[in-house]
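**Q** First the structure, then my questions, so here it is.
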Amino acid sequence: MPDILVTDDGAIRTIRMNRLEKKNALTLPMYETMAEAIGNAATDNNIRCLLIAGGPDAFCAGNDIGDFMKMAQGGALGRPILNFLYALARCEKPIVAAVNGNSVGVGTTMLMHCDHVVAGNTAKLSTPFVALGLVPEAASSLIAPRLMGHARAFALLVMGQSLSAEEAKAAGIVNTIVDPAETDAQARAAAEKIAGLPPQGVLVSRRLMRGSPDEIVARIDEEAEAFKVRLQSPDAQAAFMAFMSRKR
Ligand code: COA
């Protein structure tokens with residue numbers, strides 16, 4: 001089975017992360033497939049809503065740490081990562097997410113670009129960027145403080161404090177908390193509801209609410225520059241080594 005499954009069903013395109021044995025840690029080809037699936041939706045008039053989903057016990061464990069180590073050696077952030085983040089920022093169609101289990105790093109920051117998030121009651125969101133020697137990405141340094149206020153964003157993005165489903169709801173990331181067995185179906189129902197609305201009304205309202213994506217893209221680039229430097233830092237190297245050689 002591919003690591004990313006893209007399925008069009010009626011007006012909804014589902015993008016499902018499917019590298020379950022690695023808790024949906026994202027590799028460069030996975031980012032590229034997701035970027036294409038989001039980008040192509042723009043020109044497909046049949047698609048009115050996107051749905052991003054993961055596995056039953058992990059939505060996404062963030063970037064693949066082995067890939068981070070390779071990128072640190074190459075001195076650059078993989079282009080597919082940026083393509084994915086730009087696609088999220090520039091996407092004109094509404095995005096719903098279905099989140100169960102762990103959602104780490106970009107698994108959490110991608111939710112900040114979504115329009116409606118359904119989470120299982122055991123979902124756990126975290127962004128341990130700084131502890132890993134890194135800095136926040138996906139324009140989360142801009143979006144999170146706006147969404148939840150500076151203090152809560154600092155606890156999440158800098159201190160690495162995780163959010164339960166309830167806390168994520170209080171922070172404005174999650175809309176609805178459900179039994180984990182119901183997450184996919186409830187997210188699908190939300191996507192169907194959005195897709196059933198007059199499409200131009202949805203697109204224009206969404207554009208007005210979000211404003212220009214240029215500011216978001218500029219922050220993605222600014223963060224990426226800092227991220228590149230931090231990837232090569234001794235702090236990051238030590239954290240990656242610790243993860244790769246941990247004993248369980
Ligand atoms: N990169 C690479 N491999 C990862 C990974 C990641 N981000 N996250 C999980 N994996 C791998 C594990 O190494 C393990 O591989 P193995 O079975 O070959 O040993 C497998 O996925 C299962 O992970 P495991 O840790 O056993 O699952 P868990 O349910 O106990 O914990 C997480 C899940 C997500 C909490 C934990 O895997 C984790 O903390 N991952 C790292 C998250 C992270 O720091 N991401 C980067 C953010 S910037």
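**Q** Taking Leu132 as the residue in question, decide whether it is more than 11 Å from the ligand (Cβ to nearest atom) and in contact (Cβ under 8 Å) with a residue 24 or more places away in the chain.
**A** For Leu132, the condition - more than 11 Å from the ligand (Cβ to nearest atom) and in contact (Cβ under 8 Å) with a residue 24 or more places away in the chain - is not met.
**Q** For the stretch 10-51, enumerate the residues that are within 16 Å of the ligand (Cβ to nearest atom) and free of Cβ contacts under 8 Å to residues at least 24 places away in the same chain.
**A** Hits for the stretch 10-51 are Arg19, Glu21.
**Q** Shifting gears a bit: Here are the criteria: (1) closer than 26 Å to Lys193 by Cβ; (2) within 14 Å of the ligand (Cβ to nearest atom); (3) surrounded by fewer than 16 Cβ atoms within 10 Å (Cβ to Cβ). Tell me which single one Gly54 does not satisfy.
**A** The one condition Gly54 does not meet is (3).
**Q** Any idea how many residues of the stretch 71-102 are among the polar types (S, T, N, Q) and closer than 19 Å to Glu215 by Cα?
**A** Residues flagged as among the polar types (S, T, N, Q) and closer than 19 Å to Glu215 by Cα within the stretch 71-102 amount to 1.
**Q** From the list Ala165, Ala239, Ala195, Ala224, which residue is buried (at least 17 other Cβ atoms within 10 Å of the Cβ), small (Gly, Ala, Ser) and more than 25 Å from Gly55 (Cβ to Cβ)?
**A** Only one candidate qualifies: Ala224.
**Q** Being exposed (fewer than 14 other Cβ atoms within 10 Å of the Cβ) and either more than 16 Å from Met112 (Cβ to Cβ) or in contact (Cβ under 8 Å) with a residue 12 or more places away in the chain (or both) is the filter here; which residues of the stretch 205-214 pass it?
**A** Once the filter is applied, which keeps residues that are exposed (fewer than 14 other Cβ atoms within 10 Å of the Cβ) and either more than 16 Å from Met112 (Cβ to Cβ) or in contact (Cβ under 8 Å) with a residue 12 or more places away in the chain (or both), the stretch 205-214 yields Ser205, Arg207, Leu208, Ser212, Asp214.
**Q** Going through the stretch 89-103 one residue at a time, which ones are crowded, with 24+ Cβ neighbours inside 10 Å and either hydroxyl-bearing (Ser, Thr, Tyr) or within 16 Å of the ligand (Cβ to nearest atom) (or both)?
**A** The answer is Val99, Asn100, Ser103.
**Q** Here's another thing I want to ask about it. Hey, any hits in the stretch 113-123 for a residue that's of a type outside the set (Val, Ile, Thr), out of contact with any strand residue (DSSP E or B) (no Cβ under 9 Å at 6 or more places or on another chain) and free of Cβ contacts under 8 Å to residues at least 60 places away in the same chain?
**A** No; the residues of the stretch 113-123 include none that is of a type outside the set (Val, Ile, Thr), out of contact with any strand residue (DSSP E or B) (no Cβ under 9 Å at 6 or more places or on another chain) and free of Cβ contacts under 8 Å to residues at least 60 places away in the same chain.
Taken together, the values in this text are just the output of simple stated rules run on the coordinates, not laboratory data. In this text, all values refer to a predicted model and were calculated from it rather than measured experimentally. Virtual Cβ from ideal backbone geometry, glycine too; neighbours counted across all protein chains shown.
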